[in-house]
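The values are calculated or read from the model by the stated rules, or taken from the named source; none is laboratory data. Quick caveat, the model's predicted, so the values are computed rather than measured. Don't worry about glycine lacking a Cβ; one is built from the backbone with ideal geometry, like all the others, and counts go over all protein chains shown. For accessibility, only protein heavy atoms count, side chains too; no ligands or nucleic acids. Shrake-Rupley method; radii C 1.70, N 1.55, O 1.52, S 1.80 Å.
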Amino acid sequence: MCADAKVIIFLGPPGSGKGTQAARLSPALGVPTVSTGDMLRRECASGSNLGRSVQSILASGQLVSDDLINQVVGSRLRESDCKAGYILDGYPRTVSQAQYLDELLGRLRMPSPVVFDFEISTEEIVARLSSRRQCMQCGAISSIDEKSNGTDLFCERDGAELIQRPDDNPATIRERLRLYERNAGKLLRYYGKRNCHRIRAARPPEAVLNDLLARLGSQWSKPVPGRQRKLSIQPTYQHI
Ligand code: ADP
């Protein structure tokens with residue numbers, strides 16, 4: 001194991017900003033994000049056997065089986081870029097996945113995870129998911145403004161088209177939230193007495209990031225290579 005390996009788990013409902021924060025925290029800590037949702041969507045887009053077998057499950061908002069996702073994660077976490085740690089976004093989602101992950105971390109001689117639980121109201125989630133768009137090229141997440149002149153239909157980074165995820169429709173959002181509620185309590189009880197932090201997610205992204213960094217502590221943050229901006233480890237937001 002890498003002496004200062006970092007394993008971070010993001011728990012929280014769909015739309016709570018886990019992906020947005022993972023994209024910011026990952027370069028700050030120098031570890032990759034492992035997003036099971038993104039991995040499965042890539043499989044679907046590539047038309048692989050795995051992608052074809054999970055496409056309808058993703059479209060309906062159901063969860064894929066624990067065995068399948070454990071296998072996908074198990075092989076991803078053995079890849080060479082994962083030696084110094086990772087941010088797990090969207091995994092584990094059930095107690096059985098959490099148990100598998102604990103065994104896996106033990107086998108890979110990785111440290112026990114730091115868990116962040118993103119808290120947010122249902123109204124805020126529905127509003128966020130309805131306006132959420134994702135770049136079809138680089139996967140960056142952004143939000144459209146009904147009143148804009150159309151410039152926000154393209155990615156700020158690479159100019160590619162922003163699309164709405166097929167599972168960001170009202171019926172599927174409801175199903176994803178229902179499944180989240182069903183599993184969240186048990187999962188939080190599983191991690192409850194360990195290194196688990198509650199994060200108020202209904203704040204501007206920069207405020208949430210500062211909160212995460214502050215809780216991780218100075219020994220975990222390092223300047224982003226090639227960037228002028230030094231990441232603050234002190235919260236700079238006002239409590240609201
Ligand atoms: P969200 O958190 O916004 O619902 P994700 O991008 O994390 O979306 O996941 C999209 C879909 O991928 C889920 O609705 C589910 O079908 C599948 N999925 C992702 N992670 C898991 C997991 N850990 N266990 C089972 N299914 C998963």
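GLY47 meets the conditions (1) at negative phi; (2) without any contact (Cβ under 8 Å) to a residue 24 or more places away in the chain in every case but one. The failed one is (1). Quick check on segment 31-39. Is at least one of its residues more than 15 Å from the chain's Cα centre (by Cα), open to solvent by less than 40 Å² (accessible area, probe 1.4 Å) and within 23 Å of ASN169 (Cα to Cα)? Within segment 31-39, none of the residues are more than 15 Å from the chain's Cα centre (by Cα), open to solvent by less than 40 Å² (accessible area, probe 1.4 Å) and within 23 Å of ASN169 (Cα to Cα). Residues in segment 189-205 that are over 16 Å from the mean Cα position of the chain (by Cα) and part of a helix (DSSP H, G or I): ARG189, TYR190, TYR191.
Taking the criterion of being among the charged types (D, E, K, R) and out of contact with any Pro (no Cβ under 8 Å at 6 or more places or on another chain), the residues of segment 162-180 that qualify are ARG165, ASP167, ASP168, ARG174, GLU175, ARG178. The criterion of at least 1 residues that are more than 20 Å from THR172 (Cβ to Cβ) and within 11 Å of the ligand (Cβ to nearest atom) is met, among helices (runs of 4 or more DSSP H) falling completely within segment 52-139, by 66-76, 95-107.
Would you mention how many residues in segment 54-96 are open to solvent by 50 Å² or more (accessible area, probe 1.4 Å) and under 17 Å from the mean Cα position of the chain (by Cα)? Final tally of qualifying residues: 2. In segment 166-194, the residues that are under 25 Å from SER112 (Cα atoms) reach residues that are polar (S, T, N, Q) and surrounded by 13 or more Cβ atoms within 10 Å (Cβ to Cβ) with C-beta atoms within less than 6 angstrom, at least six apart or across chains, in these pairs: ASN183/THR94.
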